1. From the phi angles alone, apply the Karplus equation (6.51, -1.76, 1.60; θ = phi - 60°) to segment 30-44 and give each ³J(HN,Hα) in whole Hz, x where the residue is Gly or Pro.
2. Can you tell me what percent of all Cα-Cα pairs in segment 154-257 are more than 19 Å apart?
3. Under a straight-distance cross-link criterion of Cα-Cα below 30 Å, which lysines are reachable from Lys280, leaving out those fewer than 8 residues away in the same chain?
4. Would you kindly derive the ³J(HN,Hα) couplings of segment 126-142 from the backbone phi angles with the Karplus curve 6.51 cos²θ - 1.76 cosθ + 1.60 (θ = phi - 60°), listing them in order in whole Hz, with x for Gly and Pro?
5. Per residue of segment 10-24, in order, report the coupling 6.51 cos²θ - 1.76 cosθ + 1.60 (Karplus, θ = phi - 60°) as ³J(HN,Hα) in whole Hz, putting x for Gly and Pro.
6. Given bins 5 angstrom wide, list per bin the percent of all Cα-Cα distances in segment 229-297, short to long.
7. Could you work out what % of the accessible surface of the chain is carbon and sulfur, using a 1.4 angstrom probe and leaving DNA, RNA and ligands out of the count?
8. Choose one answer from Val104, Val284, Val195: the residue with the largest mean-square fluctuation in a GNM of the chain with alpha-carbon springs under 10 Å.
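The values are calculated or read from the model by the stated rules, or taken from the named source; none is laboratory data. Note that the coordinates shown come from a computational prediction; the quantities given were computed from them, not determined experimentally. Ideal geometry is used to build each Cβ from the backbone, glycine not excepted, and the neighbour counts take in all protein chains shown. All accessible areas refer to the heavy atoms of the entire protein, side chains included, with ligands and DNA or RNA removed. Shrake-Rupley method; radii C 1.70, N 1.55, O 1.52, S 1.80 Å.
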Amino acid sequence: MSDWLKILQTCGTCTENEPLSGHTTLGVGGPARWFFRPDNQDALCAAMLCIPADIPLLPLGRGSNLLPPDSGFPGVVLDLSSLNHIQVNGTILSAECGVRMSRVSRICADHGLTGLEFMATVPGDIGGGVAMNAGAFGQQIADCLTRIHVVRRDGEKQELQAAELEMAYRHTSLPYGSLVVSAEFHLQEDDGETVRERIRQMRTTRGRTQPLELPNCGSVFKNPDGDHAARLIEAAGLKGHRIGGASISAKHANFIVNEDSASSSDVLALIQLAQKTVEKKFGVRLEPEVRMLGEPA
Ligand SMILES: Cc1cc2nc3c(=O)[nH]c(=O)nc-3n(C[C@H](O)[C@H](O)[C@H](O)COP(=O)(O)OP(=O)(O)OC[C@H]3O[C@@H](n4cnc5c(N)ncnc54)[C@H](O)[C@@H]3O)c2cc1C
């Protein structure tokens, strides 16, 4: 065993050839060469220092916006779910990257804080949420994020102000190779029961409009300016279209669902078909929101 792998074993748990299909909400993806879960932030810093620079790294939250290829990932997948401490001080909420966004929304309601209700409907973690600038129902992370801490590829921690992150629609600029380890939000006071009621309404709307009964990765494409990806895909006649075990949802055309043991290639083929057909019919190039690893689309 290489020296760096021996050191990694002392910083957390590390397994080999872990199928990523068990770590994505779509239920697809081949094996990670190494799958590492650090014990805490210090262990993560030590791990980053010892992993050779030519080994690719992939930070993983809940895999709710990820499409890894069937061939898997040839480096170290960093599962950051054990970094899950959260605290509230007045209107300031601080959370480590592995805290589930649904937990944040619950805690906000308990403390009578508004601004992050949408998180109840997004099945990811704070780290993935910051990396994607997640948002819904007119709210987004950028609106109340004040600062983050990252661990860089050289194992050093760094504080970054939200204003430095160039956050835009489903976009955050993180320094190359850095991992978000914690985030701080400034929220507004509100009545806890009112916050809870808004969360209930958002959840109800989601259950009515999205195919939550089948494995999926949320919106596959970003909405183009002034339009909706779902409208364009439906108008292109692709709603319900199936390739292998995956199909474009009959309930919401911007969702691809895993109906029956789909592969990443099935999902990718549907993504490419939707892009090609919509561009041919309407002259609009759909840009994927889902993060695809190592595959052009
Ligand atoms: C049913 C459903 C509904 C959804 N609804 C919404 C919605 O309303 N709004 C919305 O914005 N999204 C939505 N999504 C998509 C997804 O939940 C969000 O993009 C979420 O922010 C991803 O978080 P994650 O922890 O699952 O990240 P992952 O999918 O694990 O990772 C996403 C990207 O972030 C990177 N990343 C993850 N953690 C870190 C970290 N700590 N540091 C640096 N980079 C990191 C990954 O490498 C990857 O590139 C939905 C998904 C599903 C399945």
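1. Once rounded to whole Hz, the list reads x, x, 7, 3, 10, 10, 10, 10, x, 6, 6, 5, 5, 5, 5.
2. 65
3. Cα-Cα hits under 30 Å: Lys222, Lys239, Lys251.
4. 4, x, x, x, 5, 4, 9, 6, 4, x, 5, 6, x, 10, 8, 4, 4
5. Once θ is set to phi - 60°, the couplings for segment 10-24 become 8, 9, x, 10, 9, 10, 10, 6, 7, x, 6, 4, x, 10, 10 Hz.
6. The percentages, shortest bin first, are 3, 19, 30, 27, 16, 4, 0.
7. Of all accessible area on the chain, carbon and sulfur atoms account for 49 percent.
8. Answer for the Gaussian network model of the chain: Val284.
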